[in-house]
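Here's the structure we're looking at; comments come further down.
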Amino acid sequence: MAPRSPLPLSAEWRDPDEYVQALLSFATESVMFINLCGGVHILDFLTREPDLYATLLPEDWRAFFGQHDIHSILQLLLREDISPLCESAETNNRTWNGGAFPPASLLEYIRNVRRLSLLRDFTPDPKNNERLPRHVAVGMNKKKTHEVEQFSRYVASLSDTVNERRGEPLSHIVDFGSGQNYLGRTLASAPYHKHIIAIERKHQYISGANRMDVHARLAKQEKKKTMYIKKQRKKCIDCTDPPELGEKVDLPKTEMENPTEDVPEKPTEDDDNENTVVLSEMSLEPDDVVVPFEKPRPHIPKPPPEIDTRGHVSYIEHEIQDGYLEPIIDHVVDPKTPAENGTEAEVTQPEKEPSDARVMVVSLHSCGNLVHHGVRSLVLNPSVVAIAMIGCCYNLLTERLGPATYKLPNLRPLHPRLKQTGGSYDPHGFPMSKLYEDYESDTIKGMKLNITARSMGVQAPYNWGYADSEGFFTRHFYRALLQRVLVDRGVVPKPDIPQDLYNDDESQIALIVGSLRKAAFESFTAYVRAATVKLSRDPTRGELVKERISIMSDEELERYEVEYLHTRKNLSVVWSLMAFSAQVVEAVIVVDRWQFLREHDSVKECWVEPVFEYGESPRNLAVIGIKK
């Protein structure tokens, strides 16, 4: 099952070690890459002096970008075959796309990013294209359905491979951060019938997953408990008892004063006539009288669906802090062992033989360090014999080696998150491998990525369409322009360029707008109005926002948009370069996890492989490991 190459590399690379060295060299020595991925931020684009666009990009790059549409530039970065463009060193008399020819240094940068990015092509098995049954796919959208369909097939195939390589079957599959347990539910259902241990820290997710298991016919519906409240028994009132005081009796006043005896009334002649008229209007046929009475059919309840007991799901509510799983899952893989959080009497047990459990740990888009814990579980737990981990949310990773201190000029001001995350020194953070930790170049010791670089690593520029790109560019332009307004109005200080990005400076306080409704991006004025509502709640600068931004007229805001509209394309160019370059950031992170497994003798095989379509879900690289 393992691919020919342990990493999904272009045909240029024959040796993975050669690729890793080239990757680390580029990521730590390319000034352009370091600035585009972690060295600049969109918020600084319109507040920097000198101009960030002119400071960041060489003059020949800016001249080329000035003659081409942004979507043509995206085409060059992402899809254009640049081999013919790189053939001739003489570019003075050549043109491209009806305009200036790309500078040689730009073409070289594009070539390096492409050759160092991991390939994402996925080829599904044509023999196995069955869709998930509706009762199993409950709650999944199109993207999640594709991920679960493909990854569940991959995990099932990998488990067969592990069985063959090790000569013993897997007993359980542990799902790290199972959430609603879409993956585990699919693996427990037909045709896989796996025994799943789903570990999730949020109780509401587990409750929802249990209900979906009933719908998927993996568990029985719990009978509803009806609570009966004993009502107070009413006192029996005899017919001879007088009414209670205060009880109203509906009698006319005259009758109350002159009570009469109860004498039955005689029927009047009018009453007889009235009855006769009614009967005369009725028409009965002879057959109507003898129509047989049909007894209503009794309601027969629908039989409950048959529960498939060949697969099973066990839920554990737990917040994973590291990769050591034995005390967490032992009571499931070995039922004789009580749960870790049981009472002291329950936990006290005589010495027992080691469990013969053989576990594979899997994860579908676990955030941040959770994937690190899953990768480490292969080398920390005797019962774990294989892993298959797909990560996401690289911005939530912590940093193990401290702040990234490149010997380069700083192009961005101090930001509180840089200091907070860069100085965490978390032993579970990035990087994992010894190679990355000890790597040394002319600019830095140890491979480090700050939070801005890691945040860019989740971009998916190859999935951008025309409308998507325009939406990104508009949102970033409006946010950068709002920052210009905040600086001009004295809400936030004008940014400077510190010598140390990680020093203490209480004046640098981040104002975070967060997500806004779609209607907020119809115009810059609408954006400012919506953003002001959120920023006015800031405990530090909220009052300044109310006093200085809320009072601005629509005409003032429209003048800002007109004045800076020419910078929108420049900002779009920089953002496109950042997203394009961030493919290398993801490669650095994923290769680190693979390298960590390589460095342990207990690991027999390890590789990285795309396991579903990039177009459906761009975080499609799985890190695989099998123990000896």
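The table for this structure:
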{"item": "Odd one out for Tyr394 among (1) surrounded by fewer than 20 Cβ atoms within 10 Å (Cβ to Cβ); (2) at pLDDT 90 or above", "result": "(1)"}
{"item": "Breaking point among (1) at pLDDT 95 or above; (2) closer than 21 Å to Val590 by Cα, for Asp322", "result": "(1)"}
{"item": "The listed residue being out of contact with any strand residue (DSSP E or B) (no Cβ under 7 Å at 6 or more places or on another chain), more than 30 Å from Glu558 (Cβ to Cβ), outside any loop (DSSP other than H, G, I, E, B) and not β-branched (Val, Ile, Thr), out of Leu481, Leu486, Leu435", "result": "Leu435"}
{"item": "Residue in segment 453-466 that is under 30 Å from Gly429 (Cβ atoms), basic (Lys, Arg) and modelled with pLDDT of 90 or more present", "result": "yes"}
{"item": "Flag if Leu36 is surrounded by 20 or more Cβ atoms within 10 Å (Cβ to Cβ), aliphatic (A, V, I, L, M) and over 25 Å from Tyr462 (Cβ atoms)", "result": "no"}
{"item": "Inter-residue pairs, beta-carbon under 8 Å, first closer than 25 Å to His215 by Cβ and in segment 140-163, second among the polar types (S, T, N, Q) and surrounded by 15 or more Cβ atoms within 10 Å (Cβ to Cβ), 6+ apart", "result": "Lys143/Ser617; His146/Ser617; Glu147/Ser617; Val148/Thr186; Glu149/Thr186; Ser152/Thr186"}
{"item": "Test for Val574: is it of a type outside the set (Asp, Glu), closer than 22 Å to Leu511 by Cβ, free of Cβ contacts under 8 Å to residues at least 12 places away in the same chain and surrounded by fewer than 23 Cβ atoms within 10 Å (Cβ to Cβ)", "result": "no"}
{"item": "Check on Ala467, part of a helix (DSSP H, G or I), among the hydrophobic types (A, V, I, L, M, F, W, C) and closer than 28 Å to Pro403 by Cα", "result": "no"}
{"item": "Boolean, His135 is farther than 22 Å from Ser5 by Cα and modelled with pLDDT under 95", "result": "yes"}
{"item": "Residue in segment 177-188 that is in a strand (DSSP E or B), in contact (Cβ under 8 Å) with a residue 24 or more places away in the chain and in contact with a helix residue (DSSP H, G or I) (Cβ under 7 Å, 6 or more places away or on another chain) present", "result": "no"}
{"item": "Selection count, segment 459-499, where residues are closer than 30 Å to Glu547 by Cβ and more than 21 Å from the chain's Cα centre (by Cα)", "result": "24"}
{"item": "The one condition in (1) modelled with pLDDT under 90; (2) in a loop (DSSP other than H, G, I, E, B); (3) closer than 30 Å to Asn369 by Cα that Val332 fails to fulfil", "result": "(2)"}
{"item": "Residue in segment 110-132 that is part of a helix (DSSP H, G or I), touching a residue at least 40 places away in the same chain (Cβ under 8 Å), under 15 Å from Phe580 (Cβ atoms) and over 34 Å from the mean Cα position of the chain (by Cα) present", "result": "no"}
{"item": "Members of segment 14-30 found to be more than 25 Å from Ala386 (Cα to Cα) and touching a residue at least 60 places away in the same chain (Cβ under 8 Å), listed by number", "result": "Tyr19, Ala22, Leu23, Leu24, Ser25, Phe26, Ala27, Thr28, Glu29, Ser30"}
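Matching residues to (1) crowded, with 21+ Cβ neighbours inside 10 Å; (2) touching a Lys or Arg at 6+ places or on another chain (Cβ under 9 Å):
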residue	(1), (2)
Arg541	no, no
Met552	no, yes
Arg568	no, no
Met578	yes, no
Val585	yes, yes
Asp592	yes, no
Glu605	no, yes
Gly625	yes, yes
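The values are calculated or read from the model by the stated rules, or taken from the named source; none is laboratory data. Everything quoted here is computed from the prediction, not taken from an experiment. With ideal geometry, Cβ positions are generated from the backbone for all residues, glycine too; neighbour counts draw on all protein chains shown.
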